[in-house]
Amino acid sequence: KMAAGAGAAAAAAAGLWSEVNRCGQNGDFARALKPVNKILQINKDDVTALQCKVVCLIQNGNFKEALGVINTHTKVLTSDVIAFEKAYCEYRLNRIESALKTIQSASQQTDKLKELYGQVLYRLERYDDCLAAYRDLIRNSQDEYEEERKTNLSAVVAAQSTWERVVPEDLGLREATYELCYNSACALIGQGKLNEAMKKLQKAEELCRQSLSEDSDVTEEDIEAELAIIHGQMAYIMQLQGRTEDALQLYNQIIKLKPTDVGLLAVIANNIITINKDQNVFDSKKKVKLTNAEGVEHKLSKKQLQAIEFNKALLAMYTNQADQCRKLSASLQSQSPEHLLPVLIQAAQLCREKQHAKAVGLLQDFADQHPANAAEIKLTMAQLKIAQGIVTKACMILRSIEELQHKPGMVSALVTMYSHEEDIDSAIEVFTQAIQWYQQHQASQTRGANPKSPVHLSLIREAANFKLKHGRKKEAISDLEELWKQNPKDVHTLAQLISAYSLVDPEKAKVLSKHLPSSDTMSLKVDVDALENSHGATYVRKKAAKLTGDNQQKEQGQGEVKKKKKKKKGKLPKNYDPKVTPDPERWLPMRERSYYRGRKKGKKKDQVGKGTQGSTTTGSSELDASRTASSPPTSPRPGSGAAVSATSNVIPPRHQKPAGAPATKKKQQQKKKKGAKGGW
């Protein structure tokens, strides 16, 4: 019975194995698990069955379950037996360090393990070791995967160029595929060769379309999805070239395609945020969500992830989320204690809160702790001091940066600030220290010889010009002599030197003036007339008019007689009467005339309408007692209408005030008051 039972079990196992084999050949690994599990029920420690189960689980994407099977059967599944499968599961579960240990602990390094080793080194960003591993694989392997290995090799070179700023060597790879073209473009971007990189990407796009269009099952959407990463890199080049509008348009087109690559989406979203800066913050807050997608941290390099975190902190600052900004920048500083950006972000946030002194203190502490990065921090500190208006303190901070003291830009900045503070002595001291540094530096390099570099000579000239400008001619003489000594043919320097000596030592100036070129040797081809008539001339000579015969005779005589100007006849009033004698007091103000009696109050009261609109007041004069026959007549004014002869009814000009003038004036005043009231 026992023999019969064993035979039946063996027959059942054989049938199960044949089914496993058939499923494996068909690629149906999910169905293959059933017979494998039945075999393990018969013999739970069957090594082959356990290996098959692990492979089926890996093929179905169940990496965690496969690794669990390996770890629970360590006595049977030793590292020699299943090292590759274990390392691969760890790699796919993003346990990269564990995968590296598993590969290194394997007793035999198979080709499969070497391939995986290269991938693990790439994920760990150990690019030099990765490059060596792929070179060894390409050299010692001959199979259908050679093109893929070359693609991986070019990806390593591109990563070195981009993240480590290493000048890539020419691998001699034939760029026959769009992947190789793309990687080559990435390497060129790392070197700053943007135009060449754009051409490579355009070639990669063309190759990608050609290769994918050959497959009839591939749709246009599939092609666009595959091209998304190429278009993303094109947009990045546009952004680097300052074509932000074009870059933004292309970035948004890629996002609309909704690619499945979360790494690509995160990079594009981050780049859009950098374009927006402190503008369009609502769009940036939407885009930042794409950078938080699950699995992004496993798709991007450490520097890419760090850049995204920096931008998150800056976005928090721009959106006035002070606590969030401080939290993110503090976290970044703990991860990278020597990095400048976290401290600069914290200082910027403090400045936004008007805590400038605290910001300067924070920067000073960082500079003391990290002397290697002190220069950039001190430049920021100086900028903050200038913003506060403490220019002298800013100058002291800048002068404490020893490695930059002699740089022309630093010298120029210090001299400008000292000049603004009217501290000419300190400005001259800055020039002197920089010139001395170049003298010592060049003497040590040239072993006692004294040639001057262009930068050194430029500093001496600037120092001399500055001293001359501020009346320090005695101090400028030594600089000018040094410049003339270096170039005796420099007439401009010689002229400056003579000018300086003319106030200090006139005899020396006379001696030096002999070195000036004579006027005969100076051939200046200048058209004086054209120069005087040019637009830039302050004085333009008028062209002499052509002389006629009469004018020529006048010039030949004793002199030209000035023409007498004809007096224009004065304009007379329209109602002027030549028969009437004008008022002799007409030029005097009305108040100063002998016949002025002052203004009569209430003179126009009788003209004010008291009825309905449009009614007349003809009867008002009849009711006035002053106008009755019993009242004495008023005495006429001199020259009034009563004294005019009966031959004329016209009122003489300027004899009396024009009738109705006061009433008109009063009306104008009323209008003005009304307008003023409306304006207030």
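The values are calculated or read from the model by the stated rules, or taken from the named source; none is laboratory data. Small disclaimer: the values here were computed from a predicted structure and weren't measured. Quick reminder, even Gly has a Cβ in these numbers, built from the backbone with ideal geometry, and neighbours come from all protein chains shown. Accessible surface is based on the protein model in full, side chains and every heavy atom, while ligands, DNA and RNA are left aside. Shrake-Rupley method; radii C 1.70, N 1.55, O 1.52, S 1.80 Å.
Some points to look at:
- Backbone N atoms of segment 220-248 closer than 11 Å to the 7 Å Cα→Cβ label point of Asp283 belong to residues 245-248.
- Estimated dipole of segment 1-139 in Debye, rounded to 20 [Cβ of Lys and Arg +1, of Asp and Glu -1, Cα centre]: 380 debye
- Accessible area in the full protein assembly, largest first, 1.4 Å probe, for Thr72, Thr274: Thr72, Thr274
- Here Thr581 sits with roughly 110 square angstrom of accessible surface, probe radius 1.4 Å.
- Reference-scaled alpha-carbon Rg (2.2 N^0.38 Å with N residues) for segment 75-206: 1.18
- Cross-link table Lys53/Lys86; Lys303/Lys407; Lys378/Lys407; Lys34/Lys299, entries beyond 23 Å C-alpha to C-alpha: Lys303/Lys407; Lys34/Lys299
- Put simply, when 329-339, 425-435 are sorted by average Cβ atoms within 10 angstrom per residue, most first, you get 425-435, 329-339.
- Top positive-direction residue, dipole computed over segment 1-139 with Cβ charges, set Thr78, Leu124, Asn26: Asn26
- Cβ-derived FRET efficiency at R0 51 Å, Leu404 paired with Ile223, nearest 0.05: 0.45
- Whole-angstrom gap from segment 262-314 to segment 494-514, using each part's C-alpha centre: 67 Å
- Kirkwood-based shape ratio for segment 1-139, expressed as Rg/Rh from alpha carbons: 1.08
- Protection proxy ranking, peptides 404-413, 346-355, average beta carbon neighbours within 10 Å, highest first: 346-355, 404-413
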